[in-house]
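One structure is given here, and the rest of the page talks about it.
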Amino acid sequence: MSAEDEMGTSLVDVRVSAIAAMLEPGLTLARIARVPLDDLRELVSTGYFRSMRDRGYSWTKVADRMRKSRRTVAQLAKTAGEDDTLVITDVLRLQRHLVRLAAAQTAVTDLPERLPEYESVAVERELQALNDQGVVQVEDGNVVLGRGFVDMVGDGWDKKLASLRHFAESVGQTVYRRFFQPGASDTAMARVLSFSVAADEFESLMADIYALIEDRVVEADARAGEGGVSASLVFSAVRTPTDVHWR
């Protein structure tokens, strides 16, 4: 193999490895949420389709990019256009029903009547899985939402999801600049600082750091004028999870 071939193969490996690394956080969360593999595959397929259609790709171009037939792309278009695209298999569909019943504080003894299409073994298994994750709890004979999850499904969750997408998009832009765009490594940077901090100091430390960054960004934005370039700065601070689900 020539040196040029070796370099070409290495570049392909680097790009695929970067994509795999970007998928790892999502796969970790899927593992924690016990998402079935079929649902995960469907999420990737429809998400891949949407990412291209949102950028104006024709069906022919989507099919060519995916190396799939137009018939397959048509099926993806149908799936991506359905309201229920996040629930594909009976497992997630059952979990969704259980969470809704928990929100209504349904009696455990009423579950068979409320979920007649599911076998009792399946209901018990998924109820236990959701309970293990803290999503639902059984209190005084009723299925209820886990206390720590109530705020996540209240008003404004769609705004939180939009912010998450914006955050992830900016991270994706950084990876693109660093791994996919020749000679653009000076237009993006990524650093991770791992350290120890007193538990009662974490919140104030992060607030101080963000305030400093925000002030500098506002000043730079004011100086840029019409000739400025668009940029994003992603700020993330987290106390490393140590619970059994993350491990």
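Couple of notes before you dig in:
- Restricting L130, L94 to residues that are outside the structural domain of L29 (by TED's automatic domain parsing), closer than 25 Å to A30 by Cα, surrounded by 15 or more Cβ atoms within 10 Å (Cβ to Cβ) and in contact with a strand residue (DSSP E or B) (Cβ under 7 Å, 6 or more places away or on another chain) narrows the list to L130.
- Selection within region 29-62 - of a type in the set (K, R) and within 18 Å of the chain's Cα centre (by Cα): R31, R34, R41, R50
- Those residues of region 103-127 which are within 24 Å of the chain's Cα centre (by Cα) and over 25 Å from V44 (Cβ atoms), in sequence order: A103, L127
- Test: K68 is modelled with pLDDT of 90 or more, assigned to a helix (DSSP H, G or I) and either over 29 Å from S120 (Cβ atoms) or of a type in the set (D, E) (or both): no
- Boolean, G156 is touching a strand residue (DSSP E or B) at 6+ places or on another chain (Cβ under 6 Å), over 30 Å from V12 (Cβ atoms) and not aromatic (F, W, Y): no
- Cβ-Cβ under 9 Å pairs, at least 6 apart or on other chains, region 169-185 side closer than 14 Å to L23 by Cα and touching a residue at least 60 places away in the same chain (Cβ under 8 Å), far side β-branched (V, I, T) and part of a helix (DSSP H, G or I): V175/I19
The values are calculated or read from the model by the stated rules, or taken from the named source; none is laboratory data. Since the structure is predicted, the reported quantities are computational estimates derived from the model, not experimental observations. Ideal geometry is used to build each Cβ from the backbone, glycine not excepted, and the neighbour counts take in all protein chains shown.
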